[in-house]
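Derivation of every value follows stated rules applied to the coordinates shown; laboratory data play no part. The model shown is predicted, which means the values in this text are computed figures rather than measured ones. Neighbour counts are summed over all protein chains in view; Cβ atoms, including those assigned to glycine, are modelled from backbone coordinates with ideal geometry.
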Amino acid sequence: MTARGGNRFLMLSAGYTGSLLIGAALFVIALRTDWDRRILALFGALTLLIAAIYIRDLFALVFTLTTGVLMLATARYLSLAVNDLVLRVIGISSMIYAPLDAWDDTIARSYLRSDARMMAEEIGGTTVIWGGLWLVISLAVIGLTLRYGLGRSSNISLPRSL
């Protein structure tokens, strides 16, 4: 992929941090608000828009359109509890993806041409250092998200001993 302009550090970090931050936001929204239907409908509409604008492969198009329609149908016809669960699953899955991707792309297979490798080449350090940094940051964000999301005003009741 070729890009012009922008901040190279932010662009190379976005792959590892974008999923993490979106997942954390969705998880906290699901736990702390009643916006679940609106957020899931928004994601469904965005998914359909992305499918219409960018996807040309038949399988990917059918999969993406189906996902968008199912999100919109869930938001419209299923209970708030189901919408809440769907957002929690999407949020936690997106958060978990970040450290797994950082580990796999930068530490387990540091020889690959990854964002961390390009970061090391352009800014300095090694692929493993950048991967390790993103791994630590992602684990810290997940920990903070769980701590905040599952706090006193969460819609999940936890025993006080936790």
Charges only on Cβ, +1 for Lys and Arg, -1 for Asp and Glu: so what's the dipole of the chain about the Cα centre, in debye to the nearest 20? 380
Tell me which of ALA51, ALA81, THR33 sits at the most positive position along the dipole axis of segment 2-116, charges placed on C-beta atoms (Lys, Arg +1; Asp, Glu -1). ALA51
For segment 47-62, Karplus couplings with θ = phi - 60° (6.51, -1.76, 1.60), whole Hz, Gly/Pro x: 4, 5, 5, 4, 4, 5, 8, 10, 8, 10, 6, 4, 4, 4, 5, 4
Once Lys and Arg get +1 and Asp and Glu get -1 on their Cβ, which of GLY23, LEU146, SER93 lies farthest toward the positive end of the dipole of the chain? LEU146
Under 8 Å for C-alpha pairs, at least 6 residues apart: give me the relative contact order for the chain, rounded to a whole percent. 32
HN-Hα J in Hz across segment 30-39 - Karplus 6.51, -1.76, 1.60, θ = phi - 60°, x for Gly and Pro: 5, 7, 10, 9, 10, 8, 3, 4, 5, 5
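At 222 nm, what helix-only mean residue ellipticity would the chain give, in deg cm²/dmol to the nearest 500, using -39500 (n - 2.57) for each DSSP H run of four or more? Intermediate results must be reported in sequence, preceding the final value.
Values: 6 runs with 119 residues, N = 162.
Helix contribution divided over all residues of the chain: -25500 deg cm²/dmol.
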Positive minus negative residues near THR17 (Lys, Arg vs Asp, Glu; Cβ under 11 Å): -2
Rg and Dmax of the chain, using alpha carbons, in Å: what are they? 18.2, 52
